[in-house]
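Okay, so here's the structure we're looking at.
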Amino acid sequence: MWLDLEAETAEISSAGHPAPLLGRPGDRFAPPDLPQGTPLGVRPDTSYRSVQIPLPEGTVLVLYTDGLVHSHSMDLDEGVAALHARLAASGDLRLEVLARTTQLAQCSRRHT
């Protein structure tokens, strides 16, 4: 990811990680439309396509690892859906609220 604060944009590519979630005032969190790439480190000669997304003032971009949403008791898709639900239920884009929301998502599951 390349973040350009002056242009209010982010250039993002996918290398096997869960897609970030984009939240805008008055809208729901959703992943940006990204081309899927080969997981990082699988092939040394891999190149990645990227997309540029606008990040106007008030926009929140939630980056997370699969460790937040995946465990032995919950598969990745279920975990991402649970994170979406928690963020949607909060309805609040303040960072301190989002941090508590994502901590609750991680702490509600047991990693073994």
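The values are calculated or read from the model by the stated rules, or taken from the named source; none is laboratory data. Please read these numbers as outputs of a predicted model, since none were measured by experiment. Neighbour counts run over all protein chains shown; Cβ positions are idealised from the backbone, glycine included.
Points worth noting:
- Residues satisfying the stated conditions in the range 37-79, i.e. more than 22 Å from residue 93 (Cα to Cα), among the hydroxyl-bearing types (Ser, Thr, Tyr), modelled with pLDDT of 80 or more and surrounded by 12 or more Cβ atoms within 10 Å (Cβ to Cβ): 38, 46, 48, 50
- Exclusive hit being of a type outside the set (S, T, N, Q), assigned to a helix (DSSP H, G or I) and over 16 Å from the mean Cα position of the chain (by Cα), set 89, 82: 89
- Note on the range 1-53: residues that are part of a strand (DSSP E or B), without any contact (Cβ under 8 Å) to a residue 60 or more places away in the chain and either in contact with a Gly (Cβ under 7 Å, 6 or more places away or on another chain) or not hydrophobic (A, V, I, L, M, F, W, C) (or both) amount to 6.
- Qualifying residue in the range 100-111 (condition: in a loop (DSSP other than H, G, I, E, B), modelled with pLDDT of 85 or more and hydroxyl-bearing (Ser, Thr, Tyr)): no
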